[in-house]
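Heads up, the thing below is written out as structure tokens.
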Amino acid sequence: MKTVHNFNAGPCVLPKPALEASIKALKNFKETGMSVIEVSHRSKEWEEVMEECRSLWIELLNIPKGYKVLFLGGGASSQFLYVAMNLLEKKAGYLETGVWAKKAIKEAKGFGETLIVGSSADKNFTFIPKGYTIPTDLDYFHITTNNTIYGTEIHEDIDCPVNLVADMSSDIMSRPIDISKYALIYGGAQKNVGPAGVTFVIIREDILGKVTRYIPTMLNYKTHIEKDSMFNTPPVFPVFVMTETLKWVKSRGGVEAMYKVNKEKAELLYKEIDRNKMFKGTAAKEDRSLMNVCFVMADEYKEKEADFMAFSKERGMVGIKGHRSVGGFRASIYNSCPTESVKALVECMQEFEKHNG
Ligand SMILES: *Cc1c(COP(=O)(O)O)cnc(C)c1O
């Protein structure tokens, strides 16, 4: 197989051991003589996987009592709607930090009043708003902890006087978090904890049951809590791969160890972006994401963008084209992205400067 350095934003690179275990289970799941996608989701063997997955979430993130971990379908995009439908009675606050936040706001509008508590829209979402005040009469306050497209990240768990809801699609498990500061955390697995097809939700149970509207069965968090995420057929294969991915996180020393390596990887790349005269970063320095590193050609080298794209492609770099709303480049360096890949990209930038700078 060809050697590539995979910087895709999602779906993205997964740990090799997780992929290998998944391939094995596709052929013969726990010596059942059947594939993991052929066994009943009510079988003992499958129930063990669900239980192991839940336990790993609880252990790795230190999830306290009173919270439930759910595995659902529909992606983070469905959670924009779930959150509002289950929690919004009168008014919710949102921090508008990018396209994903805007989509979350759009869905909530159908259920109640939405208040933009802070926004970075005026500077194309290149920073995290600060100094805002969260009103105390909100049903909840919603944040996007990592803005995948713009490469900005909220690096600390914020203090919030109302229920705090967080879209952590692209930085869950990348650093230790204090779960008790959040009422609900959700995300698509395909950025940092697995393949596409499963959505995780960490929810404090006592926030439910406060809205007066009818909530359809499948969209009601209570349904999935009562049935341990098995009200209907769960996305079995994505859950399996996610479990293997979390086992890998644990084997590497857990979230604290991930955080240490993530900081090192990000520093390597940002250091080169700041040093190399041909490139410049796009996000405000203090808000730079450890997960998605966004950069463009420096002004005097603007016409070299396509050249660098081709140059890096030749050297095995995959997925570094920036999102169309930002342009330039984006290297997504999630947990499973090896340090060697980051080093290879840094070398590639240095070589390009030598040839063209
Ligand atoms: C990718 C992404 C989403 C959308 O996730 P889907 O699972 O594709 O719906 C939402 N929020 C953030 C922060 C993302 O990075």
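Of the residues in the range 61-98, how many are within 13 Å of the ligand (Cβ to nearest atom), closer than 28 Å to D137 by Cβ and part of a loop (DSSP other than H, G, I, E, B)?
Total satisfying the criteria: 2.
Go through (1) open to solvent by 10 Å² or more (accessible area, probe 1.4 Å); (2) part of a helix (DSSP H, G or I) one by one and return the number of the condition T126 breaks.
Checking T126 against (1) open to solvent by 10 Å² or more (accessible area, probe 1.4 Å); (2) part of a helix (DSSP H, G or I), the one that fails is (2).
With respect to T133, determine if the residue is more than 16 Å from the ligand (Cβ to nearest atom) and either crowded, with 16+ Cβ neighbours inside 10 Å or in a strand (DSSP E or B) (or both).
Criteria not met by T133.
Considering only residues that are farther than 20 Å from T243 by Cβ, touching a residue at least 12 places away in the same chain (Cβ under 8 Å) and open to solvent by 40 Å² or more (accessible area, probe 1.4 Å), which ones fall in the range 188-222?
Within the range 188-222, R204, E205, D206, G209, K210, T212, R213, T217, M218, L219, K222 qualify.
Scan (1) open to solvent by less than 20 Å² (accessible area, probe 1.4 Å); (2) touching a residue at least 40 places away in the same chain (Cβ under 8 Å); (3) over 28 Å from M168 (Cβ atoms) for the single condition M317 breaks and write down its number.
(3)
L56: assigned to a helix (DSSP H, G or I), away from the ligand (no atom under 16 Å from the Cβ) and more than 15 Å from N147 (Cβ to Cβ), yes or no?
yes
Considering only the range 139-165, state which residues are open to solvent by 10 Å² or more (accessible area, probe 1.4 Å), more than 16 Å from the ligand (Cβ to nearest atom) and not β-branched (V, I, T).
Residues satisfying the conditions are D139, E156, D157, D159, C160, P161, N163.
One line per residue, one yes/no per condition, for (1) more than 16 Å from A183 (Cα to Cα); (2) surrounded by 20 or more Cβ atoms within 10 Å (Cβ to Cβ); (3) of a type in the set (A, V, I, L, M):
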site: K16; (1), (2), (3): yes, no, no
site: A25; (1), (2), (3): yes, yes, yes
site: V36; (1), (2), (3): yes, yes, yes
site: I58; (1), (2), (3): no, no, yes
site: G73; (1), (2), (3): yes, no, no
site: Q79; (1), (2), (3): no, yes, no
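Being touching a helix residue (DSSP H, G or I) at 6+ places or on another chain (Cβ under 9 Å) and either closer than 18 Å to F7 by Cα or among the hydrophobic types (A, V, I, L, M, F, W, C) (or both) is true for just one of K277, K343. Which residue is that?
K343
If the requirement is being away from the ligand (no atom under 16 Å from the Cβ) and touching a Ser or Thr at 6+ places or on another chain (Cβ under 9 Å), which of these qualifies: V4, V13?
V4
Output the qualifying pairs, or none if there are none: Cβ atoms under 7 angstrom, residues six or more apart or on different chains, first residue in the range 51-71 and on the phi > 0 side of the Ramachandran plot, second residue surrounded by 13 or more Cβ atoms within 10 Å (Cβ to Cβ) and among the acidic types (D, E).
These pairs meet every condition: G66/E205.
Kindly check whether there is at least one residue in the range 255-278 that is over 28 Å from Y334 (Cα atoms) and part of a loop (DSSP other than H, G, I, E, B).
Taking every residue of the range 255-278 in turn, none turns out to be over 28 Å from Y334 (Cα atoms) and part of a loop (DSSP other than H, G, I, E, B).
The values are calculated or read from the model by the stated rules, or taken from the named source; none is laboratory data. What you are looking at is a predicted structure, and each value in this text was computed from that prediction instead of being measured. All Cβ positions, glycine included, derive from the backbone under ideal geometry; neighbour counts span all protein chains shown. Note: accessible area is taken over every heavy atom of the protein model, side chains too, but ligands, DNA and RNA are not part of it. Shrake-Rupley method; radii C 1.70, N 1.55, O 1.52, S 1.80 Å.
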